[in-house]
């Protein structure tokens with residue numbers, strides 16, 4: 001299958017399966033979305049959604065979060081991987097949002113990536129899903145699928161992101177990011193050494 005045909009087939013199949021993919025992280029506003037994405041690093045969306053309701057009922061704005069002690073934040077998120085570090089970053093990020101951004105989540109990659117605990121992937125998720133700016137966040141599911149589907153050699157997530165951006169129309173990036181995550185979870189899991197899902201069978 002030629003590259004153009006492959007790309008068109010993948011986009012079409014994912015659109016057929018997930019025409020209206022919803023953001024998998026529960027949140028109330030852009031601030032709670034940012035915190036949820038920060039917490040999801042090296043954890044699952046399911047676990048994040050289990051622990052954030054209590055945290056967000058106590059602090060759903062930077063101002064309220066900043067009033068919590070780091071130990072309090074850590075207690076709320078203790079079941080999440082890297083909880084001590086994430087608690088510190090949440091506290092620092094909340095303070096910085098107040099001091100530098102009037103309590104608002106910034107709308108640029110540069111400003112987002114200046115926040116403690118916010119890397120390029122987290123910034124990409126916020127830019128694409130909160131602000132509708134074209135971005136292609138690459139998580140472990142997308143990284144795996146891009147390699148299996150021979151869309152990228154998969155050396156690292158940065159190169160995978162560049163490869164996918166070159167191959168797919170920019171207008172599809174934000175939706176495709178979610179569609180690939182859902183497909184990876186449902187049909188093309190990591191535990192399969194050789195996957196025989198419909199897309200793998202067709203394009204590999």
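Bear in mind that the values in this text are calculations on the coordinates, not laboratory data. The model shown is predicted, which means the values in this text are computed figures rather than measured ones. Note: ideal-geometry Cβ built from the backbone for every residue, glycine included; neighbour counts use all protein chains shown.
Observations on the model:
- Cβ crowding within 10 Å ranks 191, 171 as 191, 171, fewest other Cβ atoms first.
- Residues of region 52-70 with amide N under 14 Å of a point placed 7 Å along Cα→Cβ from residue 95: 63, 65-70
- The calculated FRET efficiency for the pair residue 70 and residue 46, based on their C-beta separation and a Förster distance of 30 Å, comes to about 0.75.
- For 45, 169, the sequence from fewest to most other C-beta atoms within 10 Å is 169, 45.
- Degrees between helix 157-167 axis and first principal axis of the chain (Cα, 0 to 90, nearest 10): 50 degrees
- By the count of neighbouring beta-carbon atoms within 10 Å, fewest first, 141, 102 end up ordered 102, 141.
- In degrees, nearest ten, helix 30-40 long axis to first principal axis of the chain (Cα): 70 degrees
- Two-site label geometry, residue 20 and residue 193: point separation in nm, points 7 Å out along Cα→Cβ: 4.2 nm
- With contacts taken as Cα pairs under 8 Å at a separation of at least 6 residues, the chain carries a relative contact order of 19 percent.
- Applying 1/(1 + (r/R0)^6) with R0 = 25 Å to the Cβ-Cβ distance of residue 54 and residue 104 gives a FRET efficiency near 0.55.
- Relative to the longest principal axis of the Cα atoms of the chain, the long axis of helix 173-186 makes an angle of roughly 80 degrees.
- Relative contact order %, region 73-163, counting alpha carbon pairs below 8 Å whose residues are six or more apart: 15 percent
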